[in-house]
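> What follows is a structure written as structure tokens; I'll ask about it next.
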Amino acid sequence: MALRGWVAAARAAAGFRCRCLGRGYAVGRAQSPPTFGFLLDIDGVLVRGHRVIPAALEAFRRLVDTRGQLRVPVVFVTNAGNILQHSKARELSALLGCKVEPDQVILSHSPMKLFSQFHGKRMLVSGQGPLVENAQVLGFHNVVTVDELRTAFPMLDMVDLERRPKTMPLPRSDFPAIEGVLLLGEPVRWETSLQLIMDVLLSNGNPGTGLATAPYPHLPVLASNMDLLWMAEAKMPRFGHGTFLLCLETIYRKVTGRELRYEGLMGKPSVLTYRYAEDLIQQQAERRGWAAPIRKLYAVGDNPMSDVYGANLFHEYLQQAQRDGREESGTGGSRQRRPLATQSCASILVCTGVYSPRDPDPTEPAQGPDEPLFHGHRDFSFSPGLMEASHVVNDVNEAVQLVFREEGWAL
């Protein structure tokens, strides 16, 4: 089956009811340098699991010129984090048939590079995949994994009967204190990670000793990826790292009576992530020799709570910065960044991932006027207006067509 027929069949099978756009196009080159760029989500927009969404291939036929170069700046912004940046770039290049550079990819934890005040501390790191390598790329060179901590103190992990030690090990007195916690993504054994992270926080970094009173404020915690749910090959959404964070926060509050606090909380919808992405967009435009700064960003995503909420929150941030005449705001971290050139950010919601046009409106009450359905993180207050996308389309191909029309570019 031809690609266009395959895409049409897939849409028909899925029963999409989103607003459709024209499909005819002819690839052309812009008459002037671009003043806009794309922030593209990956899971649910470009791929489902390890399979590319057919519309993504059509979208990149429009985005790439006859020389194989992008016609506009593009940064891929994902809340995934269990892969190395260059590996994700290589994976996207193979799937999309377009060269993707590592500095075009923002993983959920990428903005942790800005938090240099914690880079020298001994940090417990939680997640899966190349944890140590990712931490080192971010600037953390003194990390301890949950598995290493469990090996040092085997009596801490008691849920799985098969993994409990058969004999009582000698207590460790030579294990350096842990000074903070890095949460890079959902781990595999949640019960082990939840238990040992709690042990570190309650013991002030000395889980082999314990304290009579839990310290507060606790050790610094940096976390990325607040997605409660995400979309893979399964028909229904899967638990994301946001679900793990919810478990940790609830346990900490139940045990201590206090709220778990974050020194940094990044990944979409955090403004810090979008500010980081905006900086990369401007750098990309400069490298290509596009003299005019990028004034408008189009953020394409499938999750109303992370992609739409985050893009709209960043748009409000940009508007407020212009009103106040500010060049920078307190978004965390210590690295100096260039002044803001972007003036606006539009959110585009696609129907190939978490969001379905058959879903109930996420801004409407779930059970009554006092019980709104809110899948966002605890630290982001519910604002119905921020979950309303600027545009809703079937897929990323239609999103690109819409943007090109609005910007007066050839389809």
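The values are calculated or read from the model by the stated rules, or taken from the named source; none is laboratory data. Remember, it's a predicted structure, so these values are computed and weren't measured experimentally. Cβ sites come from the backbone with ideal geometry, for glycine too, and all protein chains shown count toward neighbours. Heavy atoms of the whole protein, side chains included, go into the accessibility calculation; ligands, DNA and RNA do not. Shrake-Rupley method; radii C 1.70, N 1.55, O 1.52, S 1.80 Å.
> Heavy-atom accessible area per residue, the chain, 1.4 Å probe: how many Å²?
Details: 18360 Å² over 411 residues.
Accessible surface, normalised per residue, equals 45 Å².
> Highest first, please rank the peptides 191-202, 390-401 by the mean number of other Cβ atoms sitting within 10 Å of their residues.
Highest to lowest by the protection proxy: 390-401, 191-202.
> Within the chain, how many Lys pairs that are eight or more residues apart, or on different chains, come under 20 Å at the alpha-carbon?
On the way: Lys88/Lys99; Lys88/Lys113; Lys88/Lys268; Lys113/Lys121; Lys113/Lys268; Lys268/Lys296.
Close lysine pairs found across the chain: 6.
> A further question follows. Given the Cα-Cα distance of Phe382 and Leu246 and 0.36 nm per residue of separation, how much length would full extension add, in nm?
Length difference between fully extended and current span is 47.4 nm.
> Sticking with this one: Stretch Phe153-Lys99 to full length: gain in nm at 0.36 nm per residue minus the Cα-Cα span?
Values: separation 54, 0.36 × 54 = 19.44 nm, distance 4.55 nm.
The span from Phe153 to Lys99 would gain 14.9 nm if fully extended.
> Still on this structure: Quickly estimate the mean residue ellipticity at 222 nm for the chain, helices only: each DSSP H run with n ≥ 4 gives -39500 (n - 2.57), and the total goes over all residues, rounded to 500.
-9500 deg cm²/dmol
> Now for a different question. Round to a whole number: what % of the accessible area of the chain belongs to carbon and sulfur, probe 1.4 Å? Before the final figure, lay out each step's value.
Details: 9560 of 18360 Å².
So the carbon and sulfur contribution to the accessible surface is 52 percent.
> Additional query: Inverting the mean 1/r over all pairs of different Cα atoms, compute the Kirkwood radius of the range 109-197 and quote it in Å.
About 14.0 Å for the range 109-197.
> Another question, if that's okay. Go ahead and collect, in residue order, the members of the range 111-128 whose backbone nitrogen is under 18 Å from a label point 7 Å along the Cα-Cβ direction of Ala177.
Label zone hits: 118-125.
> Picking from Ala291, Ala59, Ala89, which is most flexible by a Gaussian network model of the chain using Cα springs under 10 Å?
The residue with the greatest mean-square fluctuation here is Ala291.
> For Gln343, what charge total do you get from the other residues with a beta carbon under 12 Å from its beta carbon, if Lys and Arg give +1 and Asp and Glu give -1?
+2
> Work out how much length Met236 to His86 would gain on full extension: take 0.36 nm times their residue separation and subtract the Cα-Cα distance, in nm to one decimal.
Details: separation 150, 0.36 × 150 = 54.00 nm, distance 2.94 nm.
Answer, rounded to one decimal: 51.1 nm.
> Nothing charged except the Cβ atoms of Lys and Arg (+1) and of Asp and Glu (-1): what's the magnitude of the dipole of the range 231-313 about its Cα centre? Round to the nearest 20 debye. Display every interim value, and only then the final one.
Numbers: 12 positive and 9 negative charges, 18 e Å.
Charge dipole of the range 231-313: 80 debye, to the nearest 20.
> Exactly which trypsin sites (Lys or Arg not before Pro) in the range 282-324 are in a DSSP loop and have at most 16 other Cβ atoms within 10 Å? Each step should come with its number before you reach the end.
Working: sites: Arg287, Arg288, Arg295, Lys296, Arg323; in loops: Arg288, Arg295.
Sites meeting the loop and neighbour criteria: Arg288, Arg295.
> Please list, by residue number, every one of the GluC sites (Glu not before Pro) in the range 246-293 that is coil in DSSP and has at most 14 other beta-carbon atoms within 10 Å. Show your work: numbers first, answer last.
Numbers: sites: Glu249, Glu259, Glu263, Glu278, Glu286; in loops: Glu259, Glu263.
For GluC sites (Glu not before Pro) across the range 246-293 that sit outside H, G, I, E and B with at most 14 neighbouring Cβ atoms in 10 Å, the list reads Glu259.
> Springs between alpha-carbon pairs under 10 angstrom, Gaussian network model over the chain: which of Gly185, Gly257, Gly310 fluctuates most?
Gly257
> Right, here's the next one. If you scale each eigenvalue of the Cα gyration tensor by 5 and take the root, what three semi-axes come out for the range 148-209, rounded to whole angstrom and sorted largest first?
Taking √(5λ) for each eigenvalue gives 18, 17, 9 Å, largest first.
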